[in-house]
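Visitor: Right, I'll just put the structure down here and ask away after.
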Amino acid sequence: MFSLEGQKVLVVGIANAQSIAYGCARAFRAQGAELGVTWLNARAEPHVRPLAEELGATIKLPLDVTAPGQMEDVFEEIGRKWGRLDTILHSIAFAPKADLHGRVIDSSAEGFGQAMDISVHSFLRMIRMAEPLMPEGGTCLSVSFFGSTRVVRHYNIMGPVKAALESSVRYAAAELGEKGIRVHALSPGPLVTRAASGIDHFDDLLIEAANRAPTHMLASIDDIGAMAAFLASREARNLTGGVHDIDGGYSITA
């Protein structure tokens, strides 16, 4: 059985108890990791802080990746309090509603750029800030979706955005492999989260996924957490650059 005992793990992206990031945080903690947890803003804090406290998080801070200086503040606090970092989980994505609900070819340059910055480039910035805190290696995780490689109705602009995220994972993994820093994307099928609720006709996608998946089951946040915790462990030290499907086989069906 693998263990994360002694690991220092930063979790970014918890919005509530249904969040993928919360399922991952719970799995990290169950395997012995010490957690740092962030929330988006003052409005989100009352929903996230109690979860962070329940998990025994020793670092609890706001992090809006679009706010100048906030990411730097988080990593400075990690350096001051922990002196190192073993794992980061980046579970955030955003696209303006008008661009998300419209055709990809009609997306605005501003909306497309904002979606790429928050959903992709913020992960690269986190990895860059984590790198000096991982002198003995570490793990960097983000969250993708099957719509990155296949057209999924109503997923729209997030398809190209997640494709960019997955490509970034591969390049980052190649660039950091010699330092023992591993980079992965977790790719669950559709599941009920606050972020997913913004996708048009999302209930239809849930029904279709459950029908198509060989297991006829949707992934849970605990399923995703189990994979995240394994990838963060020493037993996964020779795995990197992967996009890991956690979807009951949904992604293998035609």
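Visitor: Just R49, R84, R212 to compare: in a GNM of the chain, with alpha carbon springs under 10 Å, which one fluctuates most?
Guide: Of R49, R84, R212, the Gaussian network model singles out R212 as fluctuating most.
Visitor: Below 28 Å, Cα to Cα, which lysines can K8 reach? Residues fewer than 8 away in the same chain don't count.
Guide: K60, K81, K162, K179
Visitor: What number, in percent, do you get for the relative contact order of the range 118-165 if the mean sequence gap of Cα pairs under 8 Å and at least 6 apart is divided by its residue count? Spell out each step's value before the answer.
Guide: On the way: 28 pairs, mean separation 20.2, N = 48.
This gives 42 percent for the range 118-165.
Visitor: Further, regarding this structure: How much net charge surrounds L239 when only other residues with a Cβ under 15 Å from its Cβ are counted (Lys, Arg +1; Asp, Glu -1)? Walk me through the numbers before you get to the answer.
Guide: On the way: positive: R170, R182, R234, R237; negative: E235, D245.
Every neighbour counted, the sum reads +2.
Visitor: Another question, if that's okay. Exposed loop GluC sites (Glu not before Pro) only (DSSP loop, at most 11 other Cβ atoms within 10 Å): please give the longest stretch of the chain free of them, not including the sites.
Guide: Working: sites that count: E5, E136.
With a cap of 11 other Cβ atoms within 10 Å, the longest stretch comes to 6-135.
Visitor: I want to verify a result. In a Gaussian network model of the chain, Cα cutoff 10 Å, which of these has the top mean-square fluctuation: G102, G13, G23?
Guide: G102
Visitor: If I histogram all Cα-Cα distances within the range 96-186 using bins 10 Å wide from 0, what percent of pairs lands in each bin?
Guide: Histogramming the range 96-186 at 10 Å steps yields 17, 44, 25, 12, 1 percent.
Visitor: For the chain, modelled as a GNM with alpha-carbon contacts under 10 angstrom, which of S108, S144, S187 fluctuates the most?
Guide: So, out of S108, S144, S187, the one fluctuating most is S108.
Visitor: Okay, moving on. How far is the Cα center of the range 72-110 from the Cα center of the range 204-254, in Å?
Guide: With the range 72-110 and the range 204-254 each reduced to a Cα centre, they are spaced 21 Å.
Visitor: In percent, what relative contact order does the range 84-190 have, based on Cα pairs under 8 Å that are 6 or more apart in sequence?
Guide: Numbers: 161 pairs, mean separation 35.5, N = 107.
In percent, rounded to a whole number, it is 33.
Visitor: Still on this model: By its C-alpha gyration tensor, with a ≥ b ≥ c as the square roots of the eigenvalues, how is the range 103-254 shaped: rounded for a/c under 1.5, else prolate for a/b larger than b/c, else oblate? Walk me through the intermediate numbers first.
Guide: Details: a/c = 2.32, a/b = 1.32, b/c = 1.76.
Note, shape of the range 103-254 comes out oblate.
Visitor: Also: So which trypsin sites (Lys or Arg not before Pro) in the range 130-178 pass both tests, a DSSP loop state and at most 13 other Cβ atoms within 10 Å of the Cβ? Could the numbers behind the result be given before it?
Guide: Numbers: sites: R150, R153, K162, R170; in loops: R150, R153.
Here the trypsin sites (Lys or Arg not before Pro) that fit, given the DSSP loop and packing criteria, are R150, R153.
Taken together, the values in this text are just the output of simple stated rules run on the coordinates, not laboratory data. Just so it is clear, the model here is predicted, and its values are computed rather than measured. Backbone-built Cβ (ideal geometry, glycine too); neighbour counts: all protein chains shown.
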